[in-house]
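The values are calculated or read from the model by the stated rules, or taken from the named source; none is laboratory data. Every value quoted in this text rests on a predicted model; they were computed, and no experiment measured them. Surface areas here come from the heavy atoms of the whole protein model, side chains and all, with no ligands, DNA or RNA. Shrake-Rupley method; radii C 1.70, N 1.55, O 1.52, S 1.80 Å.
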Amino acid sequence: MMPPRTATVERSTKETEISLSLQLDGSGRAESATGIPFFDHMLSLFARHGLFDLQVRARGDREVDFHHTVEDVGICLGQAVGRALGQREGIRRYGYALIPMDEALAQVAIDLSGRPFFALGTANLPPLSLLYAGSFSAQLLEEFLRALTVHGMLTLHLEIRSGRDPHHLLEASFKGVARALAMSVEKDERVVDIPSTKGVL
């Protein structure tokens, strides 16, 4: 039996207080209470479509804006992914997804490389700072994924290839990252060590 790949991260600053638990080999259960309903929705579908079990409790300075809360949850999620993976042996390492959501289409590729790099392409869209799903700025997607990438020590490329409805393009993006991450963390019985010629990720 493979031991459970789980991690719990606590983060407390003058701006936020966060508790996050992650199980990579879950069933898609999510309990998210960030005080930002749209963000909770995105985290729930992230867990559901990645088949991760995720619990998030967050308090932040939402009276200022949502930035600190969203970014710090990304930091905690990235740290949890890294801790749950351990030395990253026996995994597929790479994952990808092409996810439609009505008129929106998101393409995602992930490499659990140990080298943080985030690239976001939105060439066919207005600036994300001008797009809102309710009171949630699409710009926060970039902040969340950059934090996840840096603290999860992974490479993530996201291209939002089309979309008009901010809700749809954000949902396609979160689902795409979930599916690509799920593929990259999968155990592959043919990979008996760390999937790199360097011997380390």
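Here is how the numbers come out for the structure above:
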{"quantity": "The range 37-101: C-alpha gyration tensor shape, a/c 1.5 cut-off, then a/b vs b/c", "calculated": "oblate"}
{"quantity": "Whole-angstrom gap from the range 133-179 to the range 52-114, using each part's C-alpha centre", "calculated": "9 Å"}
{"quantity": "Three-way shape call for the range 86-171 based on the alpha-carbon gyration tensor, with the a/c threshold at 1.5", "calculated": "prolate"}
{"quantity": "Tilt relative to the chain, helix 67-85 - C-alpha long axis, 0 to 90 degrees, to 10", "calculated": "10 degrees"}
{"quantity": "(1) 7, 23, 24, 19, 14, 9, 3, 1, 0; (2) 8, 31, 31, 19, 9, 1; (3) 9, 38, 37, 14, 2, 0, with the label sought being that of the calculated P(r) over Cα pairs in 10 Å bins from 0, in percent", "calculated": "(3)"}
{"quantity": "Accessible area (Å², 1.4 Å probe, nearest 10) - Arg29", "calculated": "150 Å²"}
